[in-house]
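Read through the structure below, which is laid out as structure tokens, and then see the notes.
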Amino acid sequence: MRAIIQRVSKASVSVSNQTIGQINQGLVVLLGVTHNDSEEDADYLAKKICQLRIFEDDKGKMNLSLLDIGGAILSISQFTLYSDTRKGRRPNFMNAAKPDQANELYQYFNTQLHSFDVKVETGEFGALMDVSLVNNGPVTIILDSDQRK
């Protein structure tokens, strides 16, 4: 499971010109699922994301987590994180999990985020979405559940 995390001052997601999720200070999480991912991968990433100290304290140091600042998460499923661009000019998405498996783990991941008492807004799985955000910092971090092994 792979996540791109962006620290934001605000963010929103819309489908067919209708806003379906929005947050103020917090994180936008773009989440990709591959074939061999499991609930353990989702557990690991949810905990890591909520506890990652990437928000500044009163001295300007990245010492605070999302939990410390009472921030929110905008969670977006994004199968393109598992694209393979080694051949040709068109990405291959064979490394992305099938939609049923990916959606099940995406929903489970969001449930795990909620278990940390974090406000979680989401996109719509499988929909064409417009995501708007103001990246604060900018801070962008890539996490992969394979890193824990």
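Data overview
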quantity	calculated
Spatially close lysines, pair count over the chain: Cα under 30 Å, gap of eight or more or interchain	23
Percent antiparallel among DSSP beta bridges (both partners in the chain, rounded to 5)	75 percent
Label zone at Ala127 (point 7 Å along Cα-to-Cβ), backbone N below 16 Å, region 36-75	74-75
Sequence of Leu128, Leu67 once ranked by neighbouring C-beta atoms within 10 Å, starting from the fewest	Leu128, Leu67
Debye log10 I(q)/I(0) at q = 0.15 Å⁻¹ for the chain, Cα point scatterers	-0.75
Label point distance in nm, Asp57-Asp84, each placed 7 Å from Cα along Cα→Cβ	4.5 nm
In degrees, nearest ten, helix 99-114 long axis to first principal axis of the chain (Cα)	10 degrees
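Bear in mind that the values in this text are calculations on the coordinates, not laboratory data. Worth saying up front: this structure is predicted, and the values here are computed from it rather than measured. No Cβ is skipped: glycine too gets one built from the backbone with ideal geometry, and neighbour counts run over all protein chains shown.
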